[in-house]
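Undergrad: Shown below is the structure under consideration.
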Amino acid sequence: MKKLLLLLLLIPIKVNAISARNIVAMDMDTNRVLYQKAINDQHLIASITKIMTTVVALELGDLESEVTATDTILKAYGSAIYIEVGETMKLRDLLYGLMMRSGNDAALLIAEHIGGSVDKFVELMNSKAKEIGMNSTIFYNPHGLDNDGKGNLSTAYDMAVLTSYAMQNDEYKKIVSTKNYVAKSDKKSYSWTNKNKLLTTYEYTTGGKTGYTDKARRTLVSTASKDNKNIVIVSLNDPDDWHDHTYLYEKIFKEYNNELILDKKNFEVQNETYYKKDKLYIKNDVYIMLKKGEKENITLDIHLNKLPKYQNGEKVGFVNIKLKEDILKTIDIFVDKKLVTKKNSQSLWQKLIGWFKND
């Protein structure tokens with residue numbers, strides 16, 4: 001019996017405890033939090049900062065514009081793409097170097113190119129953060145290094161909100177999902193492999209960004225999709241982040257199903273009289289990720305505007321999809337005007353035929 005107990009003690013037991021100090025899993029289609037641990041605590045975020053750098057550059061910059069490296073890049077240290085002063089590269093390629101290789105030199109160069117100066121670009125970053133609801137975030141630089149005792153601060157929740165927003169941009173999605181990339185400057189070629197190893201180790205991964213500084217420790221943002229379930233996970237100070245992200249994805253994909261909430265073919269507003277002569281519609285089917293039994297708690301809160309005049313295809317209201325008291329998604333409602341044809345309206349040809357018959 002003692003030998004058996006000793007043998008059992010020697011057998012390794014797989015433990016799926018989350019190692020992260022802060023971690024969140026969020027449904028990117030609704031921003032609903034699916035898993036959380038200290039998600040509103042503000043901490044240093046290191047290079048996952050570059051998600052915001054990329055968002056601002058994509059929204060304000062021309063990807064085909066040529067960018068010449070200035071002395072500004074000499075202030076960069078740590079991870080780099082090793083571009084040289086005087087070397088010219090397209091903004092598009094710089095963004096791939098920024099996200100795939102976490103190039104701090106690329107971050108400074110992009111910031112100067114878009115903002116006119118690094119400081120002006122940081123103002124744009126903070127403005128964007130406020131715009132999309134990152135209420136516990138402040139950026140001091142475009143790369144995430146801790147300079148002069150100041151490092152970029154955010155929360156796991158805010159960074160998930162940012163990533164959900166970023167993943168609506170097709171160019172961003174393309175960059176962060178790229179495993180290997182070849183870039184060219186006016187002087188040489190570069191061959192880059194993405195530092196996000198989940199792209200090769202976890203089949204459902206669609207993107208993300210790694211980060212590390214001595215003070216922030218390991219930070220990681222990743223995204224994954226399976227059966228139209230689209231998840232972002234953000235972890236801060238996580239020594240076992242690759243495992244934690246993979247484990248949470250598998251857990252969530254297993255526990256949640258995509259439930260059809262609104263069917264565009266059968267959409268109607270019960271007891272609606274103002275638009276009764278026309279047809280109200282939504283543009284797409286709406287699915288929501290729900291656990292077993294949650295669909296019973298889904299309600300639809302419909303709001304219609306009684307417009308005195310409206311055009312065919314005009315937005316006339318919206319519907320809030322609620323889980324108990326929480327709004328998961330808001331869907332616009334449009335009107336399809338039924339054009340009434342006058343009975344006496346005839347084409348010129350029909351009138352001519354009538355004239356001959358009358359003769």
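The values are calculated or read from the model by the stated rules, or taken from the named source; none is laboratory data. On a predicted model such as this, the values are computed, not experimentally measured, just so you know. All Cβ positions, glycine included, derive from the backbone under ideal geometry; neighbour counts span all protein chains shown.
Undergrad: Residues being assigned to a loop (DSSP other than H, G, I, E, B) and more than 19 Å from Ile132 (Cα to Cα): count how many of those fall in segment 22-59.
TA: Of the residues in segment 22-59, 1 are assigned to a loop (DSSP other than H, G, I, E, B) and more than 19 Å from Ile132 (Cα to Cα).
Undergrad: Continuing with the same structure: Using beta carbons and a limit of 8 Å, which pairs, at least six apart or on different chains, have the first residue in segment 78-97 and more than 23 Å from Gly207 (Cα to Cα) and among the aliphatic types (A, V, I, L, M) and the second one in a loop (DSSP other than H, G, I, E, B) and at pLDDT 95 or above?
TA: The qualifying pairs are Ile83/Ala69; Ile83/Gly103; Val85/Ala69; Val85/Thr70; Met89/Ala69; Met89/Ile83; Met89/Asp186.
Undergrad: If you go through segment 23-53, how many residues are under 22 Å from Leu153 (Cβ atoms), of a type in the set (S, T, N, Q), in contact with a Leu (Cβ under 7 Å, 6 or more places away or on another chain) and surrounded by fewer than 24 Cβ atoms within 10 Å (Cβ to Cβ)?
TA: Adding up the residues that qualify gives 1.
Undergrad: Yes or no: Val161 closer than 12 Å to Ile48 by Cβ, surrounded by 16 or more Cβ atoms within 10 Å (Cβ to Cβ) and either free of Cβ contacts under 8 Å to residues at least 40 places away in the same chain or under 21 Å from the mean Cα position of the chain (by Cα) (or both)?
TA: no
Undergrad: Which residue, of Ser136, Ser127, Ser102, is hydroxyl-bearing (Ser, Thr, Tyr), within 21 Å of the chain's Cα centre (by Cα) and either surrounded by 19 or more Cβ atoms within 10 Å (Cβ to Cβ) or outside the structural domain of Ala76 (by TED's automatic domain parsing) (or both)? Even if it seems obvious, please write down each step before you answer.
TA: Details: Ser136 fails: either surrounded by 19 or more Cβ atoms within 10 Å (Cβ to Cβ) or outside the structural domain of Ala76 (by TED's automatic domain parsing) (or both); Ser127 fails: either surrounded by 19 or more Cβ atoms within 10 Å (Cβ to Cβ) or outside the structural domain of Ala76 (by TED's automatic domain parsing) (or both).
Sole residue among the options that is hydroxyl-bearing (Ser, Thr, Tyr), within 21 Å of the chain's Cα centre (by Cα) and either surrounded by 19 or more Cβ atoms within 10 Å (Cβ to Cβ) or outside the structural domain of Ala76 (by TED's automatic domain parsing) (or both): Ser102.
Undergrad: Can you tell me which residues in segment 235-293 are under 30 Å from Gly313 (Cβ atoms) and of a type in the set (D, E, K, R)?
TA: Within segment 235-293, Glu259, Asp263, Lys264, Lys265, Glu268, Glu272, Lys276, Lys277, Asp278, Lys279, Lys283, Asp285 meet the criteria.
Undergrad: Let me ask you something else. Is there any pair linking a residue in segment 209-222 that is among the charged types (D, E, K, R) to one that is modelled with pLDDT under 95, with Cβ under 6 Å and at least six apart or on different chains, and which?
TA: Correct list of pairs: Lys215/Asp146.
Undergrad: Need the failing condition index for Phe121 against (1) touching a Pro at 6+ places or on another chain (Cβ under 9 Å); (2) free of Cβ contacts under 8 Å to residues at least 12 places away in the same chain, just the number.
TA: The single condition Phe121 does not satisfy is (2).
Undergrad: Would you call Tyr287 more than 10 Å from Ile333 (Cβ to Cβ) and in contact (Cβ under 8 Å) with a residue 12 or more places away in the chain?
TA: Considered against the rule, which asks whether it is more than 10 Å from Ile333 (Cβ to Cβ) and in contact (Cβ under 8 Å) with a residue 12 or more places away in the chain, Tyr287 comes out as yes.
Undergrad: With the checklist (1) surrounded by 14 or more Cβ atoms within 10 Å (Cβ to Cβ); (2) at pLDDT 95 or above in hand, flag the one item Tyr275 doesn't pass.
TA: (2)
Undergrad: Would you check which residues across segment 60-99 are part of a helix (DSSP H, G or I) and surrounded by 14 or more Cβ atoms within 10 Å (Cβ to Cβ) and list them?
TA: Thr72, Ile73, Lys75, Leu91, Arg92, Asp93, Leu94, Leu95, Tyr96, Gly97, Leu98, Met99
Undergrad: Which residues, counting only those in segment 281-332, are more than 30 Å from Lys254 (Cα to Cα), surrounded by 15 or more Cβ atoms within 10 Å (Cβ to Cβ) and under 24 Å from the mean Cα position of the chain (by Cα)?
TA: Result: Phe318, single match.
Undergrad: Under the condition of being among the polar types (S, T, N, Q) and assigned to a helix (DSSP H, G or I), which residue from segment 240-273 is nearest to Asp27 (Cα to Cα)?
TA: The residue in question is Thr246.
Undergrad: In segment 154-239, which strands (runs of 3 or more DSSP E) lie fully inside it and hold 2 or more residues that are among the aliphatic types (A, V, I, L, M) and under 26 Å from Tyr77 (Cα atoms)?
TA: It comes to 180-184, 217-226, 229-236.
Undergrad: If I filter segment 211-264 down to residues being touching an Asp or Glu at 6+ places or on another chain (Cβ under 8 Å) and among the small types (Gly, Ala, Ser), which single residue comes out as surrounded by the fewest Cβ atoms within 10 Å (Cβ to Cβ)?
TA: Ranking the candidates gives Ala216 first.
Undergrad: If the Cβ limit is 6 Å and pairs must be 6+ apart or interchain, which residue in segment 170-190 that is of a type in the set (Asp, Glu) pairs with which residue that is at pLDDT 95 or above and not in a helix (DSSP H, G or I)?
TA: Once the first residue is of a type in the set (Asp, Glu) and sits in segment 170-190, its partners that are at pLDDT 95 or above and not in a helix (DSSP H, G or I) give Asp186/Thr88.
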